[in-house]
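Notes for the one structure printed next.
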Amino acid sequence: EAGVTQFPSHSVIEKGQTVTLRCDPISGHDNLYWYRRVMGKEIKFLLHFVKESKQDESGMPNNRFLAERTGGTYSTLKVQPAELEDSGVYFCASSHKGDRGGSPLHFGNGTRLTVT
Amino acid sequence: AQSVAQPEDQVNVAEGNPLTVKCTYSVSGNPYLFWYVQYPNRGLQFLLKYITGDNLVKGSYGFEAEFNKSQTSFHLKKPSALVSDSALYFCAVRDFMDTGRRALTFGSGTRLQVQP
């Protein structure tokens with residue numbers, strides 16, 4: 001099966017610009033998660049989709065971040081306007097339906113975002 | 001609230017020697033515990049998990065981890081390290097009782113360096 005794919009792999013933008021990250025989960029996985037790792041620190045949770053619905057968005061840092069999951073398939077994470085502290089690696093992960101929390105997550109390779 | 005601590009930023013070990021990467025956690029209820037590994041420019045890969053049952057769990061690539069409830073620890077171990085084990089290792093936890101939060105909480109990661 002194809003794994004979780006993320007696009008782009010790298011993005012360099014200026015402060016104030018907009019960037020959209022995309023994640024294609026493993027086909028059939030209802031659960032989709034976004035995480036972020038900033039400057040070598042812990043990997044922090046951003047939000048969780050179940051199909052197209054936001055199950056938990058408690059980790060979203062502020063309203064400059066907007067996540068969508070069209071039709072319960074791929075997901076986008078938009079940062080508008082970007083700030084310097086948004087730099088980091090953004091990971092997407094998915095898991096199958098019926099995940100009671102014990103199923104492993106399948107991660108994409110991440111998008112490295114640099115805001116200058 | 002749930003949290004994970006990985007007290008060592010880096011662990012150095014000689015090839016052929018046993019290795020241990022430490023992890024302690026904090027949850028309100030019973031934990032689901034995971035170890036993931038990240039190789040350069042790749043996403044996180046699942047190594048092993050503890051849900052219930054035997055305290056010693058075995059995973060991929062010869063790794064194992066021991067769940068210790070009294071010490072709230074879940075240390076990753078391998079009897080004989082390989083140079084190819086050099087990577088970044090993340091411990092993660094989810095509180096089984098927190099039905100509203102499916103997402104994992106990760107530690108800050110430990111870089112394992114195995115010298116030939």
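Observations, loosely collected:
- Scanning the stretch B:1-30 for residues that are of a type in the set (S, T, N, Q), over 12 Å from the mean Cα position of the chain (by Cα) and part of a strand (DSSP E or B) yields B:S3, B:Q10, B:N12, B:S26.
- Set B:A65, B:A81, B:A5: member being of a type in the set (G, A, S) and in contact with a Ser or Thr (Cβ under 7 Å, 6 or more places away or on another chain): B:A5
- Each residue in the stretch A:4-41 was checked for being under 14 Å from A:R69 (Cβ atoms), among the acidic types (D, E), assigned to a loop (DSSP other than H, G, I, E, B) and at pLDDT 95 or above, and 0 pass.
- For the stretch A:27-43, the set of residues classified as within 25 Å of B:G109 (Cα to Cα) and crowded, with 18+ Cβ neighbours inside 10 Å consists of A:N31, A:L32, A:Y33, A:W34, A:Y35, A:R36, A:R37, A:E42, A:I43, listed by residue number.
- Being at the interface with another protein chain (Cβ under 9 Å from one of its Cβ atoms) and at positive phi is a property that holds for B:G109.
- Residue that is surrounded by the most Cβ atoms within 10 Å (Cβ to Cβ), among those in the stretch B:31-68 that are free of Cβ contacts under 8 Å to residues at least 12 places away in the same chain and away from chain A (no Cβ under 14 Å): B:E66
- Scanning the stretch A:21-36 for residues that are more than 8 Å from chain B (Cβ to nearest Cβ) and either more than 12 Å from the chain's Cα centre (by Cα) or under 19 Å from A:S87 (Cα atoms) (or both) yields A:L21, A:R22, A:C23, A:I26, A:S27, A:G28, A:H29, A:D30, A:W34, A:R36.
- Test: residue in the stretch B:55-71 that is assigned to a strand (DSSP E or B), within 22 Å of A:K44 (Cβ to Cβ) and not aliphatic (A, V, I, L, M): no
- Whichever residue in the stretch A:78-103 is surrounded by fewer than 20 Cβ atoms within 10 Å (Cβ to Cβ), outside any strand (DSSP E or B) and in contact with a Phe, Trp or Tyr (Cβ under 9 Å, 6 or more places away or on another chain) and, among such residues, is farthest from the other protein chains (Cβ to nearest Cβ): A:Q80
- Among the candidates B:V13, B:V4, B:V27, the residue that is at the interface with chain A (Cβ under 10 Å from one of its Cβ atoms) and either touching a residue at least 24 places away in the same chain (Cβ under 8 Å) or surrounded by 17 or more Cβ atoms within 10 Å (Cβ to Cβ) (or both) is uniquely B:V4.
- Per this entry, A:S75 is counted among residues that are away from every other protein chain (no Cβ under 13 Å), on the phi < 0 side of the Ramachandran plot and buried (at least 22 other Cβ atoms within 10 Å of the Cβ).
The values are calculated or read from the model by the stated rules, or taken from the named source; none is laboratory data. Since the model is a prediction, treat every value here as computed from it, not as a measurement. Cβ atoms come from the backbone with ideal geometry, glycine included; neighbour counts cover every protein chain shown.
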